[in-house]
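Report on one structure; see the data block that follows.
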Amino acid sequence: MRTEENNGVPGEDIRIGVYVCMCGGNISDVIDVDRVAAAVGEIAGVTLAKVHPFMCSDPGQQTITEDIKTQKLNRVVVASCSPFLHELTFRTAVGRGGLNPYLYEHVNIREQGSWSHKDDPDGATIKAIRLIAAAIGKLRYAEPLEQIQISNFRRALVIGGGIAGMRSAVDLGKRGIEVLLVEKEPSLGGWVKEWEEIYPTGGKGAELIRRLNEELERLNEVTVLKGVRVSDLSGFVGNYNVTLENAGAGDEAELREVLGNAPYRAQAGAIIVAAGFEPYKPRAGEFGYESFPGVVTLPEFIEGLSEMQIHPEGRIFWRGRTVGSVAFIHCVGSRQIEGVHEKQDDGKINDYCSRTCCTAIVRNAALIRERFPGVHVYDFYQDIRTYGRGHEEIYTSAANTGVTFLRYHGEQPPVVEKGADGALLVRCNDRLTFGEEIEAAVDMVVLGVGMTPGAVGKVSEVLKLPVGADRFLQEVHPKLRPVEVSVNGVFLAGTAQGPMNIEEAFSAAGAAAAKASILLNNSTVQLDPFKANVDDESCIGCERCLSECVYTGALVMKEAKGTDGSTCRKAVVNPGLCVGCGACVAVCPTRAIYVNGWTLSQYEAMVDGLLNAPREGARIENA
Amino acid sequence: MSSEAFIPKILVPATVSCAYPGADAVGKAHLKYPTNIDIIRVPSPVMFPEDFYLGCFMKGIDGILIAGCGSDCPFEGAYTKLTKRIDGLVKKMRAGGLEIERLRLTAICTVCVKAFLKEVNQLNDKVKALGPVNRDVARVLWEASLREIREGIETETANE
Ligand SMILES: Cc1cc2nc3c(=O)[nH]c(=O)nc-3n(C[C@H](O)[C@H](O)[C@H](O)COP(=O)(O)OP(=O)(O)OC[C@H]3O[C@@H](n4cnc5c(N)ncnc54)[C@H](O)[C@@H]3O)c2cc1C
């Protein structure tokens, strides 16, 4: 009953193993780990407390599994880095040792310990002891938990039909997994189909797209819907429900044929977001854009390439103009500097590098020299980042074709002005000539615009997909989980995640498809058990929890037999729909409803642990 | 005890989706805050009834910073409910004679390191100035909040 400070006392004999990680000095340079282990070793229920240089290493994990067996541990605490890094690692190790993986608590003494309290080693040490004492308190009330199994709809929804989305769809289809590929434009291919020549291999972008399209068409598993976008979404991993709408260019008859009558609904177990990028749009007047004719962005220039005719003397004849000289400017809308560049609409500057522009610019600069040998080409750059295999050669060949390179300083970008006779003047302080003020009169200026994220729309809104400071979608971990997001069952493919070239977007798309197929390979999905749960005996059927729960179907009432044989009503949770927020918990008068793994009694035990933690201890063991 | 020597016990329930990684970001940036700030992970503080907070004060926690997600809350409606509950609790604290400055609800995002530091330092300074919590006053309020819920059960069972 709720009248006591803590209800229920753990029945079994508690044997807790506590492991304090040094993190190779990251922790132990500030926190006195031996003192921590000695102090927590004094707490009732603690069987052993050990210090280890790297708990996450194989030997570190082995210590846990062995101690569980030999020391008959039935609860484990590891005090180390943030739980976002290694909670799962140690939980799995605990499972390997034969113990229920949820009889484990993770304590953060690095990010929220040694790294935040460098100047107060004593305070940080005592704090570490307190936090471990809290975890021990919580573990006293821990129950073994099982992952939740729910059914899985074995189809992937791919949003965006650029090369990334197409690649993911092909890979999944070839693995025999059903795919619904949704593209908002009337045709597939995204930006690549616009590129006249794609580096580093050469050839037209449209040709690459044609080949991918052929592969797609051969796959019965893949359904492509063009001119369509997602208008609504609900559900969770294994069970997403999407509603599609005509984005203007959709074929209604086809939609009806595939999905039945409107509203067009479809189910999917996994979602791959491949919504791509939008080239940076310069503001009116930025480097003369929209102010002076002859200033274009790189995509606009590439679009015009196929119509450019050769003029006598090797010049360009395009749209009624003769062009004898062209200046390219790098980093337009990328690598911006606070105070130097004007802020974007959201108050931020684009301080990231768009990565793909350098090679695209130098390749197109060389292309002009090759096709129109009479044209002078200037390349205004701050750094050249032609980083991929074969890209360095592209840079060298641009220099060899006679492109003139000028290097500006990021703090002092070039200035585009109106010159005499309709020409454009590009002025720059050139670092290659040690600060000479250089002025180039040209007929055309091409702005090497960077990438900004594409509009994912409804899906991002509903699922609250995390975005980075650069506004691109953000993965869980750049190294450990590069194509996953924090929402289960959602994967990232291509430039929706950040600037990438075709090669990189392909790799990411392949990885996303692989991750999605791991999920879709099974007819069930495993979910973490941290969902609400009802103790039938203490539920009095008052229904207060019901009105707190906004997730339709997550919490319902059912008829049950009381102990005296009479029928009564009890709350029941659907773990697939429950999100584990705990809104129901706060209003329950008998504490009958709780969130697995995070019960109120556990929180109260944590507070007790914090307040009653010892400061010192005698026992020291080393792992 | 002089007010300078008093080190308050500050509890920060921090949300898994926002404030907890926000506090991690502070550590990753190697920025500093006092060691008397203890952070505990919560899916959402909406799960805590009034008596949880009052119980903390009764046991000797001097200040609580509820570090939530604000409008970024991944759980529908949870933040509004939480705000209402805290508003109600603050009224009860004021009426019962417990300094309302000891409890604060705020939103910290996953990268909001400055906001985190400002909030914890401000609460810490305020509570330092207030001195230790009056646990007896908190106990009275805690008991009342439990009674309130139990009365609810009795009327409901009586109605059946
Ligand atoms: C000027 C320039 C030149 C380049 N040249 C090269 C080169 O030569 N070689 C190279 O390797 N790389 C090059 N790149 C990079 C290359 O363009 C990208 O790597 C590639 O386009 C990434 O493909 P994607 O599928 O991720 O995105 P995108 O090409 O942007 O495709 C995304 C697709 O998703 C669709 N979409 C977006 N939102 C939605 C939604 N909500 N619902 C449905 N559909 C949606 C879009 O309509 C689009 O079809 C260049 C980039 C630029 C800017």
The number of residues in segment A:447-462 that are within 8 Å of the ligand (Cβ to nearest atom), part of a helix (DSSP H, G or I) and not basic (Lys, Arg) is 1
Could you identify the single residue in A:ASP421, A:ASP430 that is closer than 26 Å to A:ILE349 by Cα and acidic (Asp, Glu)? A:ASP430
Residue that is in contact (Cβ under 8 Å) with a residue 24 or more places away in the chain, over 16 Å from the mean Cα position of the chain (by Cα) and over 30 Å from A:THR552 (Cβ atoms), where the choices are B:VAL120, B:VAL140: B:VAL140
Test of understanding: among A:ARG154, A:ARG210, A:ARG140, which residue is more than 14 Å from chain B (Cβ to nearest Cβ), within 30 Å of A:ARG615 (Cβ to Cβ) and more than 10 Å from the ligand (Cβ to nearest atom)? A:ARG140
List the number of the failed condition for A:LEU465; all other conditions in (1) away from every other protein chain (no Cβ under 14 Å); (2) within 16 Å of the ligand (Cβ to nearest atom); (3) not aromatic (Phe, Trp, Tyr) hold. (1)
Scan B:ARG94, B:ARG102 and give me the residue that is of a type in the set (Lys, Arg) and within 24 Å of A:ALA605 (Cβ to Cβ). B:ARG102
Strands (runs of 3 or more DSSP E) enclosed by segment A:535-623 - at least 1 residues per element that are farther than 30 Å from B:LYS59 by Cβ and either of a type outside the set (Ser, Thr, Tyr) or more than 9 Å from chain B (Cβ to nearest Cβ) (or both): A:555-561, A:567-573
Just wondering, is there one or more residues in segment A:345-365 that are in contact (Cβ under 8 Å) with a residue 24 or more places away in the chain and loosely packed, with under 13 Cβ neighbours inside 10 Å? yes
Here is a list: A:THR359, A:THR396. Which entry is farther than 27 Å from A:ASP421 by Cα, in contact with a Gly (Cβ under 8 Å, 6 or more places away or on another chain) and either among the aromatic types (Phe, Trp, Tyr) or assigned to a helix (DSSP H, G or I) (or both)? A:THR359
Collect the residues in segment B:120-160 that are modelled with pLDDT under 95 and acidic (Asp, Glu), keeping them in residue-number order. B:GLU148, B:GLU151, B:GLU154, B:GLU156, B:GLU160
Note on segment A:114-137: residues of a type in the set (Lys, Arg) and either more than 9 Å from every other protein chain (Cβ to nearest Cβ) or without any contact (Cβ under 8 Å) to a residue 24 or more places away in the chain (or both) are A:LYS127
Enumerated strands (runs of 3 or more DSSP E) restricted to segment A:187-274, each holding at least 3 residues that are without any contact (Cβ under 8 Å) to a residue 24 or more places away in the chain and buried (at least 16 other Cβ atoms within 10 Å of the Cβ): A:239-246
Top-ranked residue in segment A:328-356 [being away from the ligand (no atom under 16 Å from the Cβ) and part of a strand (DSSP E or B); ranked as nearest to the other protein chains (Cβ to nearest Cβ)]: A:GLU338
Selection within segment B:14-36 - more than 8 Å from every other protein chain (Cβ to nearest Cβ) and outside any helix (DSSP H, G or I): B:ALA14, B:THR15, B:VAL16, B:CYS18, B:ALA29
Name every residue in segment A:169-193 that is more than 22 Å from A:ASN246 (Cα to Cα), touching a Gly at 6+ places or on another chain (Cβ under 9 Å) and more than 9 Å from the ligand (Cβ to nearest atom), in order of residue number. A:ASP171
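The values are calculated or read from the model by the stated rules, or taken from the named source; none is laboratory data. This is a predicted model, so every value here is computed, not measured. Cβ coordinates were reconstructed from backbone atoms using ideal geometry, including for glycine residues, and neighbour counts include every protein chain displayed.
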